[in-house]
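S.K.: Handing you this structure, nothing more for now.
The values are calculated or read from the model by the stated rules, or taken from the named source; none is laboratory data. Treat the numbers as computed from the prediction; the structure is a model and nothing was measured. Cβ atoms come from the backbone with ideal geometry, glycine included; neighbour counts cover every protein chain shown. These area figures cover heavy atoms from the full protein model, side chains too; ligands, DNA and RNA do not enter into them. Shrake-Rupley method; radii C 1.70, N 1.55, O 1.52, S 1.80 Å.
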Amino acid sequence: EKILVADDDRIMRSFIVDTLKRHGYEVISVENGNEAIFYLEEHSFDLIVSDVKMPIQGGIDVLKKAKELHPQTLVILATAFGSVE
């Protein structure tokens with residue numbers, strides 16, 4: 001399975017990528033939403049793991065583009081920021 005990981009936090013991104021690769025997944029990692037959307041326009045993925053809060057284009061933008069281009073792709077959004085909303 002092919003997975004796209006988008007997170008602007010280098011340490012978190014590396015942890016997720018290393019964990020997924022150890023389990024045998026093919027992983028592409030990017031550090032922002034713009035790069036994630038670029039990859040989505042060129043490739044399809046089985047799963048996207050994205051941070052919600054990233055500069056310029058965040059995880060919600062990645063989710064919208066993923067569902068527009070590849071509706072079958074599963075998307076997991078995560079964030080280190082908590083809020084009631």
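S.K.: Any chance you could look up the accessible area of K2 with a 1.4 Å probe, heavy atoms only, rounded to 10 Å²?
M.R.: That residue has around 50 Å² of solvent-accessible surface.
S.K.: With runs of 4+ DSSP H residues as the only contributors, calculate the mean residue ellipticity of the chain at 222 nm using -39,500 (n - 2.57) per run, divided by the residue total and rounded to the nearest 500. Please list the in-between numbers first.
M.R.: Numbers: 3 runs with 34 residues, N = 85.
Calculated at 222 nm, the ellipticity per residue is -12000 deg cm²/dmol.
S.K.: Whenever you get a sec, compute what percent of the accessible area on the chain sits on carbon and sulfur atoms (1.4 Å probe). Don't skip to the end; give the middle numbers.
M.R.: Values: 2920 of 5440 Å².
Solvent-exposed carbon and sulfur of the chain make up 54 percent of the total.
S.K.: What does the charge dipole of the stretch 27-74 about its Cα centre add up to, to the nearest 20 debye, if the Cβ of each Lys and Arg holds +1 and the Cβ of each Asp and Glu holds -1?
M.R.: So the magnitude is around 200 debye.
S.K.: With every protein chain kept in place and ligands, DNA and RNA left out, what is the accessible area per residue of the chain? Probe 1.4 Å, answer in Å².
M.R.: Working: 5440 Å² over 85 residues.
Here the per-residue accessible area is 64 Å².
S.K.: Using a 1.4 angstrom probe on the protein heavy atoms only, line up T19, T73 by accessible area, largest first.
M.R.: Working: T19 40, T73 0 Å².
From most accessible down to least: T19, T73.
S.K.: Pop a pseudo-label 7 angstrom from the Cα along the beta-carbon direction at both E26 and K2 and give the gap in nm to one decimal.
M.R.: Result: 0.6 nm between the two label points.
S.K.: Be a star and scan the stretch 36-73 for residues whose amide nitrogen sits under 19 Å from the point 7 Å along the Cα-to-Cβ vector of D9.
M.R.: 36, 48-63
S.K.: Let me ask you something else. Quick one: length gained pulling I60 to I76 fully straight, 0.36 nm per residue minus the C-alpha distance?
M.R.: Going from the current span to full extension adds 4.7 nm.
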